[in-house]
1. Given the Cα-Cα distance of S22 and K40 and 0.36 nm per residue of separation, how much length would full extension add, in nm?
2. Run through region 1-107 and list the trypsin sites (Lys or Arg not before Pro) located in a DSSP loop whose Cβ has at most 15 other Cβ atoms within 10 Å.
3. Sorted by accessible area with a 1.4 angstrom probe, largest first, how do E38, E81 fall?
4. Rank these residues by their accessible area, most exposed first, probe 1.4 Å: D9, D147.
5. I want to check a number: in region 1-111, how many lysine pairs have alpha carbons closer than 30 Å, given a sequence separation of 8 or more or different chains?
6. When a/c reaches 1.5 or more, the comparison of a/b and b/c decides; with that in mind, is region 17-113 rounded, prolate or oblate per its Cα gyration tensor?
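The values are calculated or read from the model by the stated rules, or taken from the named source; none is laboratory data. Nothing here was measured: the structure is a model prediction, and the numbers come from that model. Heads up, the Cβs are rebuilt from the backbone with ideal geometry, glycines too, and the neighbour counts pull from every protein chain shown. Heads up: the accessible areas ignore ligands, DNA and RNA and are worked out on the full protein's heavy atoms, side chains in. Shrake-Rupley method; radii C 1.70, N 1.55, O 1.52, S 1.80 Å.
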Amino acid sequence: MERIKTSCDGCAVCCGAQVFVSEGGRVLKIEGDPDHPETKGHMCIKGLAGMELLYNDMRVNYPLKRTDKNSEKWERISWDEALSLISNRLTEIREKYGPESIVVAHGSWSHDHVGISTFFAAALGTPNVMGMDYICFGPMALACHADMGIPTALGFKSFFVSFAIQCLGIFSRLRRDP
Ligand code: SF4
(Lines give C-alpha, C1' and ligand atoms only; values in the text may rest on other atoms or scores of the structure.)
Protein backbone atom coordinates (compact mmCIF):
# COMPACT_ATOMS: atom_id res chain seq x y z
CA MET A 1 0.00 0.00 0.00
CA GLU A 2 1.34 3.40 -0.97
CA ARG A 3 0.66 6.63 0.95
CA ILE A 4 0.36 9.70 -1.27
CA LYS A 5 0.43 13.13 0.33
CA THR A 6 -1.84 15.59 -1.40
CA SER A 7 -4.57 18.10 -0.61
CA CYS A 8 -8.34 17.78 -0.71
CA ASP A 9 -9.94 19.49 -3.70
CA GLY A 10 -13.41 19.46 -2.18
CA CYS A 11 -13.43 23.21 -1.51
CA ALA A 12 -11.18 26.25 -1.33
CA VAL A 13 -9.70 25.34 2.06
CA CYS A 14 -7.54 22.63 0.44
CA CYS A 15 -6.92 20.63 3.63
CA GLY A 16 -3.80 18.49 3.70
CA ALA A 17 -4.69 14.89 2.91
CA GLN A 18 -3.03 11.52 2.61
CA VAL A 19 -4.46 8.92 0.28
CA PHE A 20 -3.68 5.22 0.73
CA VAL A 21 -3.58 3.36 -2.60
CA SER A 22 -3.26 -0.38 -3.29
CA GLU A 23 -0.62 -1.76 -5.63
CA GLY A 24 -3.32 -2.03 -8.29
CA GLY A 25 -4.04 1.70 -7.98
CA ARG A 26 -7.29 1.46 -6.01
CA VAL A 27 -7.88 4.08 -3.33
CA LEU A 28 -8.30 2.31 0.00
CA LYS A 29 -8.56 5.17 2.49
CA ILE A 30 -8.36 8.96 2.76
CA GLU A 31 -7.15 10.64 5.95
CA GLY A 32 -6.04 14.08 7.01
CA ASP A 33 -2.30 14.74 6.80
CA PRO A 34 -1.00 15.30 10.37
CA ASP A 35 2.13 16.98 8.97
CA HIS A 36 0.19 19.68 7.10
CA PRO A 37 1.19 23.00 8.74
CA GLU A 38 -2.30 24.51 8.59
CA THR A 39 -4.92 21.78 8.87
CA LYS A 40 -2.81 19.39 11.01
CA GLY A 41 -4.61 16.16 10.10
CA HIS A 42 -8.14 17.55 10.22
CA MET A 43 -10.58 17.05 7.35
CA CYS A 44 -14.34 17.46 7.17
CA ILE A 45 -16.68 14.57 6.34
CA LYS A 46 -16.96 15.71 2.72
CA GLY A 47 -13.21 15.34 2.19
CA LEU A 48 -13.04 12.07 4.12
CA ALA A 49 -15.84 10.66 1.94
CA GLY A 50 -13.90 11.56 -1.23
CA MET A 51 -13.69 7.88 -2.26
CA GLU A 52 -17.42 8.02 -3.01
CA LEU A 53 -16.65 10.34 -5.92
CA LEU A 54 -14.67 7.52 -7.48
CA TYR A 55 -16.49 4.35 -6.50
CA ASN A 56 -20.11 5.11 -5.61
CA ASP A 57 -22.52 2.98 -7.68
CA MET A 58 -24.67 6.03 -8.38
CA ARG A 59 -21.81 8.05 -9.89
CA VAL A 60 -22.83 9.39 -13.29
CA ASN A 61 -20.20 8.20 -15.76
CA TYR A 62 -21.93 9.04 -19.03
CA PRO A 63 -24.58 11.47 -20.36
CA LEU A 64 -28.20 10.80 -19.44
CA LYS A 65 -31.28 12.37 -20.99
CA ARG A 66 -34.61 12.65 -19.22
CA THR A 67 -37.10 10.72 -21.33
CA ASP A 68 -40.11 12.71 -20.16
CA LYS A 69 -39.85 16.02 -18.41
CA ASN A 70 -42.55 15.03 -15.92
CA SER A 71 -40.88 11.79 -14.89
CA GLU A 72 -37.65 10.67 -13.30
CA LYS A 73 -36.83 8.25 -16.14
CA TRP A 74 -33.49 8.74 -17.85
CA GLU A 75 -31.85 7.11 -20.87
CA ARG A 76 -28.21 6.84 -21.75
CA ILE A 77 -27.14 8.91 -24.79
CA SER A 78 -23.82 9.37 -26.55
CA TRP A 79 -21.45 12.25 -25.80
CA ASP A 80 -21.99 13.58 -29.36
CA GLU A 81 -25.76 13.61 -28.89
CA ALA A 82 -25.44 15.29 -25.47
CA LEU A 83 -23.11 17.98 -26.78
CA SER A 84 -25.30 18.72 -29.76
CA LEU A 85 -28.48 18.88 -27.61
CA ILE A 86 -26.84 21.29 -25.18
CA SER A 87 -25.24 23.51 -27.82
CA ASN A 88 -28.49 23.71 -29.82
CA ARG A 89 -30.46 24.66 -26.72
CA LEU A 90 -27.89 27.27 -25.60
CA THR A 91 -27.81 28.79 -29.08
CA GLU A 92 -31.61 28.95 -29.11
CA ILE A 93 -31.73 30.67 -25.68
CA ARG A 94 -28.94 33.09 -26.60
CA GLU A 95 -30.66 34.10 -29.83
CA LYS A 96 -34.08 34.45 -28.25
CA TYR A 97 -33.21 36.14 -24.92
CA GLY A 98 -29.61 37.37 -25.32
CA PRO A 99 -26.40 35.90 -23.85
CA GLU A 100 -26.90 37.64 -20.50
CA SER A 101 -29.94 35.45 -19.87
CA ILE A 102 -27.52 32.56 -19.27
CA VAL A 103 -25.77 31.96 -15.93
CA VAL A 104 -22.86 29.53 -15.81
CA ALA A 105 -22.62 27.90 -12.37
CA HIS A 106 -19.89 25.67 -11.03
CA GLY A 107 -19.63 23.63 -7.85
CA SER A 108 -17.10 23.91 -5.05
CA TRP A 109 -14.14 26.12 -5.83
CA SER A 110 -11.54 23.99 -7.47
CA HIS A 111 -8.37 24.81 -9.33
CA ASP A 112 -9.57 23.77 -12.76
CA HIS A 113 -13.30 24.07 -13.30
CA VAL A 114 -13.57 27.72 -12.20
CA GLY A 115 -11.29 28.69 -15.08
CA ILE A 116 -13.18 26.45 -17.49
CA SER A 117 -16.59 27.85 -16.54
CA THR A 118 -15.29 31.43 -16.77
CA PHE A 119 -13.88 30.85 -20.26
CA PHE A 120 -17.08 29.07 -21.27
CA ALA A 121 -19.18 32.04 -20.08
CA ALA A 122 -16.90 34.43 -21.99
CA ALA A 123 -17.34 32.32 -25.14
CA LEU A 124 -21.12 32.46 -24.69
CA GLY A 125 -20.94 36.23 -24.16
CA THR A 126 -22.39 36.29 -20.65
CA PRO A 127 -20.74 37.97 -17.64
CA ASN A 128 -22.84 35.79 -15.30
CA VAL A 129 -20.67 33.21 -13.58
CA MET A 130 -21.35 31.98 -10.06
CA GLY A 131 -20.37 29.27 -7.67
CA MET A 132 -19.52 28.56 -4.07
CA ASP A 133 -16.51 30.91 -4.28
CA TYR A 134 -18.81 33.89 -4.95
CA ILE A 135 -20.92 33.34 -1.84
CA CYS A 136 -18.41 31.72 0.55
CA PHE A 137 -14.68 31.92 -0.07
CA GLY A 138 -14.70 35.21 -2.05
CA PRO A 139 -16.61 37.27 0.57
CA MET A 140 -14.47 35.71 3.32
CA ALA A 141 -11.27 36.81 1.55
CA LEU A 142 -12.72 40.27 0.86
CA ALA A 143 -13.80 40.67 4.50
CA CYS A 144 -10.31 39.67 5.68
CA HIS A 145 -8.83 42.15 3.24
CA ALA A 146 -11.12 44.91 4.51
CA ASP A 147 -10.45 44.04 8.19
CA MET A 148 -6.77 43.19 8.11
CA GLY A 149 -5.44 44.49 4.81
CA ILE A 150 -4.59 41.05 3.46
CA PRO A 151 -6.78 38.06 2.58
CA THR A 152 -5.13 35.87 5.18
CA ALA A 153 -7.85 33.63 6.58
CA LEU A 154 -7.10 29.98 7.15
CA GLY A 155 -8.55 28.97 3.80
CA PHE A 156 -6.47 31.40 1.80
CA LYS A 157 -3.18 30.54 3.51
CA SER A 158 -4.00 26.86 3.47
CA PHE A 159 -4.75 27.03 -0.25
CA PHE A 160 -1.22 28.23 -1.08
CA VAL A 161 0.45 25.80 1.32
CA SER A 162 -1.61 22.90 -0.08
CA PHE A 163 -1.10 23.99 -3.67
CA ALA A 164 2.68 24.00 -3.11
CA ILE A 165 2.51 20.53 -1.48
CA GLN A 166 0.37 19.23 -4.37
CA CYS A 167 2.84 20.61 -6.96
CA LEU A 168 5.78 19.06 -5.11
CA GLY A 169 3.96 15.72 -4.96
CA ILE A 170 3.14 15.77 -8.69
CA PHE A 171 6.69 16.81 -9.52
CA SER A 172 8.24 14.02 -7.44
CA ARG A 173 5.85 11.46 -9.00
CA LEU A 174 6.72 12.69 -12.50
CA ARG A 175 10.39 12.35 -11.70
CA ARG A 176 9.80 8.82 -10.42
CA ASP A 177 7.43 7.66 -13.23
CA PRO A 178 8.17 9.90 -16.23
S1 SF4 B 1 -12.93 21.61 4.36
FE2 SF4 B 1 -13.57 19.53 3.74
S3 SF4 B 1 -14.02 19.65 1.55
FE4 SF4 B 1 -12.86 21.50 2.10
S5 SF4 B 1 -10.73 20.96 1.61
FE6 SF4 B 1 -11.07 20.49 3.81
S7 SF4 B 1 -11.67 18.32 3.84
FE8 SF4 B 1 -11.88 19.03 1.72
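1. Numbers: separation 18, 0.36 × 18 = 6.48 nm, distance 2.44 nm.
Roughly 4.0 nm would be gained on extension.
2. Of the trypsin sites (Lys or Arg not before Pro), the ones in loops of region 1-107 whose Cβ has at most 15 other Cβ atoms within 10 Å are R26, K40, R59, K69, K73.
3. Working: E38 50, E81 75 Å².
Sorted by accessible area, descending: E81, E38.
4. Values: D9 65, D147 130 Å².
Sorted by accessible area, descending: D147, D9.
5. Final tally of qualifying lysine pairs is 11.
6. Values: a/c = 3.13, a/b = 1.86, b/c = 1.68.
Prolate shape, in that a/c is at least 1.5 and a/b is the bigger ratio.
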